[in-house]
Amino acid sequence: MSDLRIAVLGVGVMGADHVARITSKISGARVTVVNDYVTEKAEQIAFEIEGCRAVADPLDAIADPEVDAVVLATPGSTHEKQLLACLEHRKPVMCEKPLTTDVATSLEIVRRESELERPLIQVGFMRRFDDEYMRLKALLDGGELGEPLVMHCVHRNPGVPSYFDSSLIVKDSLVHEVDVTRFLFGEEIASVRIVKPNSNPGAPEGVIDPQIAILRTVSGRHVDVELFVTTGVAYEVRTEVVGEKGSAMIGLDVGMVRKAAPGTWGGTITPGFRERFGRAYDTEIQRWVDAVRNNTNIDGPTAWDGYAAAAVCAAGVESLESGLPVDVRLADRP
């Protein structure tokens with residue numbers, strides 16, 4: 001079976017990582033086309049990869065006859081048009097979050113894809129491919145904790161880009177815990193409330209950080225999430241599920257724990273997302289490549305998952321502004 005020929009659209013931090021990953025770590029695939037609105041960046045990356053070309057127009061890159069599948073790492077505002085082009089040309093696509101930047105267009109993508117013979121879109125919620133999250137999911141599905149009752153989550157970043165505002169903490173950070181909740185519990189989220197503690201003096205002016213998100217699933221399970229994206233410390237992501245027969249926690253970064261004089265005790269906190277989830281990204285892309293090459297349905301997050309996450313986050317932004325719980329409004333599934 002020949003290698004899957006991939007176009008990577010957007011070669012910023014995430015896209016460049018995917019190009020390097022496909023080139024050096026992923027079997028059965030190669031990058032044949034790259035695109036970026038900074039033309040020089042795409043040309044430089046293409047120059048370094050044998051058999052790769054830079055294509056200036058992203059829609060031309062999608063339609064290129066030497067492209068079998070697409071990785072979208074472009075800004076979210078461009079995703080709608082690019083995803084529709086992928087559907088038009090019947091090309092499988094791995095789309096980094098968000099699916100699109102608003103609920104209505106995300107739902108339209110779901111509906112357009114449902115008209116095809118098979119789904120083509122996978123959304124880049126990489127935590128589903130992380131070893132620890134997969135083990136926690138297996139533990140819950142196996143019933144070893146009994147009925148899951150409560151989930152506590154922590155999502156801390158040392159810092160965020162200068163363009164981040166309070167709503168992006170919901171849409172770009174909380175969105176991961178939204179998908180984790182749906183993945184682990186296998187049900188939709190019914191309501192969300194954002195609580196605003198005293199803001200970090202080190203946060204950019206006007207940015208509400210930290211935030212506490214309180215999610216309630218349709219069966220009544222409680223999930224709380226501490227979102228703190230300007231800690232200045234390190235990258236910390238933890239999840240604890242409490243059930244009727246015990247609890248389980250992941251994300252403790254327990255490697256070497258060292259004790260030393262005068263009574264210090266500790267280890268190293270993960271410095272960034274690459275170190276924490278690099279292997280999950282590798283697994284995500286390899287499994288996507290394998291599914292596309294074998295002409296089987298994707299086994300990762302779907303367009304519907306991207307739409308559902310967008311709907312929850314839209315309710316979260318509404319709650320952030322009002323201070324009240326907001327019900328999540330999901331359309332009927334096509």
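Below, the figures for the structure above:
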quantity: Selection status of VAL242, touching a residue at least 40 places away in the same chain (Cβ under 8 Å) and open to solvent by 30 Å² or more (accessible area, probe 1.4 Å); calculated: yes
quantity: Number of positions in region 202-218 that are part of a loop (DSSP other than H, G, I, E, B) and either closer than 13 Å to LEU320 by Cα or out of contact with any Phe, Trp or Tyr (no Cβ under 8 Å at 6 or more places or on another chain) (or both); calculated: 9
quantity: Number of the condition not met by ILE45 [criteria: (1) touching a residue at least 40 places away in the same chain (Cβ under 8 Å); (2) surrounded by 15 or more Cβ atoms within 10 Å (Cβ to Cβ)]; calculated: (1)
quantity: Residue under evaluation ASP224, criteria (1) open to solvent by 50 Å² or more (accessible area, probe 1.4 Å); (2) among the acidic types (Asp, Glu); (3) assigned to a strand (DSSP E or B), criterion not met; calculated: (1)
quantity: Single condition ARG216 does not satisfy, out of (1) closer than 30 Å to SER2 by Cα; (2) more than 17 Å from the chain's Cα centre (by Cα); (3) among the charged types (D, E, K, R); calculated: (1)
quantity: Residue check for GLY306: in contact (Cβ under 8 Å) with a residue 40 or more places away in the chain, crowded, with 19+ Cβ neighbours inside 10 Å, on the phi < 0 side of the Ramachandran plot and over 15 Å from the mean Cα position of the chain (by Cα); calculated: no
quantity: The listed residue being open to solvent by less than 20 Å² (accessible area, probe 1.4 Å), among the charged types (D, E, K, R), at pLDDT 95 or above and closer than 21 Å to ALA311 by Cα, out of GLU108, GLU177, GLU188; calculated: GLU177
quantity: Pair list, Cβ under 7 Å, 6 or more apart: region 105-128 residue among the hydrophobic types (A, V, I, L, M, F, W, C), other residue open to solvent by less than 10 Å² (accessible area, probe 1.4 Å) and part of a loop (DSSP other than H, G, I, E, B); calculated: ILE109/LEU99; ILE109/THR100; VAL123/LEU99; VAL123/PRO301; PHE125/PRO301
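Yes/no matrix, rows are residues, columns are (1) open to solvent by less than 60 Å² (accessible area, probe 1.4 Å); (2) closer than 15 Å to PHE228 by Cβ; (3) among the charged types (D, E, K, R):
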position	(1), (2), (3)
GLU144	no, no, yes
CYS153	yes, yes, no
ASP172	yes, yes, yes
PRO197	yes, yes, no
ASN200	yes, yes, no
GLY206	no, no, no
ALA213	yes, yes, no
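The values are calculated or read from the model by the stated rules, or taken from the named source; none is laboratory data. All values derive from a computational prediction rather than experimental measurement. Every residue, glycine as well, gets a Cβ built from its backbone with ideal geometry; the counts of neighbours run over all protein chains shown. SASA here: full protein model, heavy atoms, side chains in, ligands and nucleic acids out. Shrake-Rupley method; radii C 1.70, N 1.55, O 1.52, S 1.80 Å.
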